[in-house]
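A.B. asks: Just passing along the structure, written as C-alpha cells.
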Amino acid sequence: IAVFCAYVWQDSMHWPTLQEWTTRFVPIACAHATSVAVSNMALMHANASFVEVVTATTPVVAVGVVLLFGQAFDRRLLLPVSVIVVGCIVSSKGDVAFSSLGFVLAFSGNIFRAIKATIQQMMLSKSPDGKAAFTTLEVLAW
C-alpha cells in the first residue's frame, strides 16, 4: 500500500539503488527484527514494568549511536537525556524481580532500536554531497 501511495502522490519517486538497499534498508530491517526479538526475550526473563523502564533509555543509547555513526549531535540535548537516565534509575531502584539476563536483553533491544532510528534519520537527511534524501513515505514504502 505504501509503495502505491508513494507512486500516486509523489511527482518523482526515489527508487533505491542496490547500494542503498544493502547499506540502508536491509540494516534497518535487520535492526528492527532483532530489536523485537531480543525485547520479547527480555520479557521472558524480567517483568514488563522493568523492561519498559529499560526501554525508556533508548534516547540515551541513540546519542551514542548517533556519535558512533559520525552524525551531528546538539549538545543542548544532553540535559533532557540526563533527566531520562535519572528517572530510569529512580524507577528501577529496588525492583525485586531484577534479572541480569533480562536487563542485557532489554538493553540490547535499545541498541538495535537506536541503530534503526539513526539509519532512518540519515536516510531522511541530505548527505554532505547533496544527494537527495528519501521522503518519509518512500522510507515507509521500501
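Bear in mind these aren't lab numbers, they're just calculated from the coordinates by the rules spelled out. Worth saying up front: this structure is predicted, and the values here are computed from it rather than measured. Because the Cβ atoms are built from the backbone with ideal geometry, glycine has one as well, and the counts that use them run over all protein chains shown.
A.B. asks: Please list 43-49, 100-106, 69-75 highest first by mean number of surrounding beta-carbon atoms within 10 Å per residue.
C.D. replies: Output ranking for 43-49, 100-106, 69-75: 100-106, 43-49, 69-75.
A.B. asks: If you don't mind, another one. Any chance you could run the full-extension gain for residue 43 through residue 126? It's 0.36 nm times the residue separation minus the Cα-Cα distance, nm to one decimal. List each step's numbers first, then the result.
C.D. replies: Details: separation 83, 0.36 × 83 = 29.88 nm, distance 3.78 nm.
Difference between extended and current length: 26.1 nm.
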